[in-house]
Amino acid sequence: MFMAYLVLSTFCVTVLGYKQLFQALGVSYTPWPYYVPEIAYIITYLLSVVLFLAVGIMLSYHLYSISWAETSVEAQDHEVYRKKAKSRGEDFVNSYDLGKRRNLQLFFNIGEAGYPLYTLFIPFRISPYTDGRSWARRDGYERHHGVRRGEELTDEDEDDEE
């Protein structure tokens, strides 16, 4: 949520401050009535634009990853799994992918998956839907489809094997 707030605030500065930018640049031919030097405002405005773009792209990427139920590492692993499955004529299916909307609901613990939407904006203490060790999977899937035992790129916990 911090990224979303930062994108929103830098967007507001960018949209609402362009007239002052023109004033600071001397384009509007009106005197600079503020205590802040013009160059400081120009630098602050440019920083706000850059942060809006950079953090906005990063936020979009993270929301996209969440909607596919993948972390950055899993996205790389799943690409390898897709290639292996395709070479055998099979399809790879991520067992944790419950659909874009459902994945977002589970991640943010809102909607049908948990609490009302306003809990994103008000800092209530709420319990997550999971215990941190077990996660929601597609019905009928105990593991990813298209990946055979021994082909996993990450090791199973040693505790699970004992």
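Only the coordinates and a few stated rules stand behind these numbers; no lab work does. This is a predicted model, so every value here is computed, not measured. No Cβ is skipped: glycine too gets one built from the backbone with ideal geometry, and neighbour counts run over all protein chains shown.
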**Asked** What residue among Pro37, Pro128, Pro116 shows peak mean-square fluctuation when the chain is described by a Gaussian network model with Cα springs under 10 Å?
**Response** Pro37
**Spin-label model distance (nm) - Ser28 vs Ser60, 7 Å beyond Cα toward Cβ** = 2.9 nm
**Request:** Please work out the FRET efficiency for the pair Leu8 and Val80, using the Cβ-Cβ distance as r and a Förster radius of 41 Å; give the result to the nearest 0.05.
**Result:** 0.65
**Prompt:** Ala136 versus Glu90, label points 7 Å from Cα toward the beta carbon: distance in nm?
**Reply:** 2.6 nm
**Complete:** chymotrypsin sites (Phe, Trp or Tyr not before Pro) in region 1-81 lying in a DSSP loop, each with at most 12 other Cβ atoms within 10 Å of its Cβ, come to Tyr29, Tyr34, Tyr35
**Prompt:** What list of ³J(HN,Hα) values in whole Hz, one per residue of region 27-32 in order, does the Karplus curve 6.51 cos²θ - 1.76 cosθ + 1.60 (θ = phi - 60°) give from phi, with Gly and Pro shown as x?
**Reply:** 6, 8, 6, 10, x, 7
**Asked** Considering amide H positions built from the backbone, and no H for Pro or chain starts, which residues 5 or more places from Tyr115, or on another chain, come under 5 Å of its amide H?
**Response** Ile110
**Prompt:** Per the helix-only calculation at 222 nm, which mean residue ellipticity applies to the chain, given -39500 (n - 2.57) for every DSSP H run of n ≥ 4 and division by its residues, nearest 500 deg cm²/dmol?
**Reply:** -16000 deg cm²/dmol
**Asked** Between Phe124 and Leu16, what FRET efficiency follows from the Cβ-Cβ distance if R0 is 22 Å, with the result rounded to 0.05?
**Response** 0.10
**Prompt:** Considering the Cα trace of the chain, what is its radius of gyration and what is Dmax, both in angstroms?
**Reply:** 23.4, 77
**Complete:** Residues whose built amide H sits under 5 Å from the amide H of His145, excluding neighbours closer than 5 in sequence, are Val93, Ser95
**Asked** For Val36 and Arg102 in one chain, what is 0.36 nm times their gap in residues minus the Cα-Cα distance, to one decimal in nm?
**Response** 19.0 nm
